[in-house]
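A.B. asks: After the structure tokens below, expect a handful of questions from me.
The values are calculated or read from the model by the stated rules, or taken from the named source; none is laboratory data. Keep in mind the model is a prediction, meaning the values are calculated, not measured. Using ideal geometry, Cβ is built from the backbone for each residue, glycine included, and neighbour counts are taken over all protein chains shown. These accessible areas exclude ligands, DNA and RNA; they are computed on the full protein's heavy atoms, side chains included. Shrake-Rupley method; radii C 1.70, N 1.55, O 1.52, S 1.80 Å.
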Amino acid sequence: RLKVCGVSASGFLIPAIESFSAMESRQWILTWLLIIFHPLEAAKEEDLSTSLSEGQWFHAERHMEELDQYLREYSGVQDLSCLDVFGYSGTIAKCWRQKGWSAEQYDIGLNHRSNDLLSKRGFLQLCRLGMRLIAGGMVVAGPPCAMNIFLSTSVHRRHELGPEGDVENFRVRMSNLLAHNFAVWLELLNRYRKVWFIIEQPCSSYLFKMNCMLALAAVACCTKITTWMAFFQHDMLKPTHLMGNLPGIKGLTRVMRKADREKFKKRFELRQAKRKSPRTYVVKGVKGQSKKTVQGGKHLCLSANYTPAFARAIFKIWVQSLQDL
């Protein structure tokens with residue numbers, strides 16, 4: 001279990017090294033040094049982070065009445081068309097702006113104090129942004145998936161009957177609370193704004209199996225579809241689940257066939273040949289005599305970035321839905 005011995009000048013957690021094994025200690029030392037000297041680069045590398053120690057975390061579901069009143073009494077402007085949540089790259093927001101619509105980003109990598117969803121300040125900031133959305137405004141969100149996907153199964157230990165995973169693990173608890181707070185935010189926003197949303201996760205993620213997300217899906221009448229990011233110009237095939245209440249979300253569904261796989265494989269090889277530094281998203285190997293292994297490569301973090309083609313596909317469906325509103 002992680003012990004925290006302080007918070008860095010950049011506001012990120014400093015781990016107590018004695019809490020880890022030698023390998024874990026080395027990994028955390030490197031991460032910590034990166035956070036101190038290159039905080040923006042750290043935001044790119046760290047899928048999951050917070051500016052607070054665990055004792056300071058904000059549990060939104062414990063303050064429902066207070067938060068409900070906060071949104072109910074909002075009297076500010078409604079001037080936003082799109083909210084790009086957990087969108088460090090800003091691909092979604094950029095697409096909307098290029099089309100002449102207003103958009104904002106919300107990601108801890110952009111401001112680790114006001115955009116930390118595990119802090120009360122960060123949660124209220126997201127509430128204010130949400131309340132600024134126009135009727136039919138769009139929310140696109142890709143919650144951090146590091147502690148939800150197949151590659152980290154040995155750490156999070158999530159399974160079908162226990163999607164909350166190993167709650168003795170600090171990063172699992174962090175990931176779980178982030179999911180809970182996000183679900184609470186969308187549920188509250190749904191009470192006071194007619195907005196549409198899409199939540200994205202890799203197909204191996206357990207996020208949509210968590211109780212908080214199941215409850216949100218029921219309240220907001222969500223639809224979940226499967227697509228493949230390769231159809232939207234992504235380097236990887238990347239099977240993906242999209243859940244949301246956007247009318248026409250099924251239009252983002254894609255089916256991968258053998259011919260498609262071959263086509264996308266050749267496209268990736270051509271891209272790699274043109275790059276000065278080829279990208280490594282996953283590393284496959286063999287352990288022992290026959291056990292195959294797979295782990296994240298040094299460019300895996302880049303796979304979370306949405307492509308402009310994906311943003312345009314969502315925008316096209318959104319515009320049509322807005323006209324039909």
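A.B. asks: How would THR227, THR153 line up by accessible area, probe 1.4 Å, largest first? Working shown, then result.
C.D. replies: Numbers: THR227 0, THR153 55 Å².
Most to least solvent-accessible, the answer reads THR153, THR227.
A.B. asks: Right, something else. Starting from the 7 Å offset along Cα-to-Cβ, what nm value, one decimal, do you get for the label separation of LYS284 and VAL167?
C.D. replies: Output for this residue pair reads 3.8 nm.
A.B. asks: Highest mean first, what order results for 87-97, 73-83, 312-322 on Cβ atoms within 10 Å?
C.D. replies: Details: 87-97: 21.0, 73-83: 15.1, 312-322: 17.9.
Descending packing order for the listed peptides: 87-97, 312-322, 73-83.
A.B. asks: How big is the stretch 170-225 on each of its three principal axes, counting only the C-alpha atoms and giving the largest first in Å?
C.D. replies: Extents along the principal axes, in whole Å: 35, 23, 15.
A.B. asks: Right, here's the next one. Computed over the Cα atoms of the stretch 180-297, what is the ratio Rg over Rh, Rh following Kirkwood? Don't jump to the answer; show the numbers that get you there.
C.D. replies: On the way: Rg = 18.2 Å, Rh = 16.9 Å.
In the stretch 180-297, Rg relative to Rh is 1.08.
A.B. asks: Now for a different question. Which value in nm describes the separation of the simple spin-label points at SER321 and TYR70, placed 7 Å from the Cα toward the beta carbon?
C.D. replies: 2.5
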